[in-house]
Amino acid sequence: MSRSGYLLQNHRFGSKMGDDSIKDMMMGALHDPFSSIHMGITAENIAYEYNISREEMDRFALDSQNKAMAAVKAGLFKDQIVGIEIRKIVK
């Protein structure tokens with residue numbers, strides 16, 4: 001997420017005189033569109049409401065990653081994950 005870009009609206013044909021704005025797309029993607037609350041805060045609110053500890057969340061996250069890796073190794077995503085060639089840039 002740290003590589004998300006910035007949105008420059010109305011710049012397709014160049015900027016005109018006057019002020020303009022830049023939107024940080026990371027902030028846009030991480031906000032709930034219905035409540036305008038940041039997703040990190042939403043997660044904290046849900047954890048508090050349902051009494052979910054950090055240890056439980058970490059255990060769930062690790063189990064999820066392990067299941068995902070097992071599925072990849074079993075070939076369940078072979079049609080969705082494709083290799084790409086990256087050329088080495090020589091300076």
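Could you list, in sequence order, the residues of region 26-55 that are surrounded by 11 or more Cβ atoms within 10 Å (Cβ to Cβ) and acidic (D, E)?
D32, E44
Checking the conditions here, which among K16, K23 is free of Cβ contacts under 8 Å to residues at least 40 places away in the same chain, exposed (fewer than 10 other Cβ atoms within 10 Å of the Cβ) and not in a helix (DSSP H, G or I)?
Answer to the check: K16.
Report yes if F77 is of a type in the set (F, W, Y) and touching a helix residue (DSSP H, G or I) at 6+ places or on another chain (Cβ under 8 Å), otherwise no. Can you show your working first?
Values: of a type in the set (F, W, Y): yes; touching a helix residue (DSSP H, G or I) at 6+ places or on another chain (Cβ under 8 Å): yes.
Criteria met by F77.
Taking the residues in region 1-15 that are of a type in the set (S, T, N, Q) and under 14 Å from M26 (Cα atoms) as candidates, determine which candidate is modelled with the lowest pLDDT.
Looking at residues that are of a type in the set (S, T, N, Q) and under 14 Å from M26 (Cα atoms), I get S2.
The values are calculated or read from the model by the stated rules, or taken from the named source; none is laboratory data. Since the structure is predicted, the reported quantities are computational estimates derived from the model, not experimental observations. In this analysis, Cβ positions are derived from the backbone assuming ideal geometry, glycine residues included, and neighbour counts consider all displayed protein chains.
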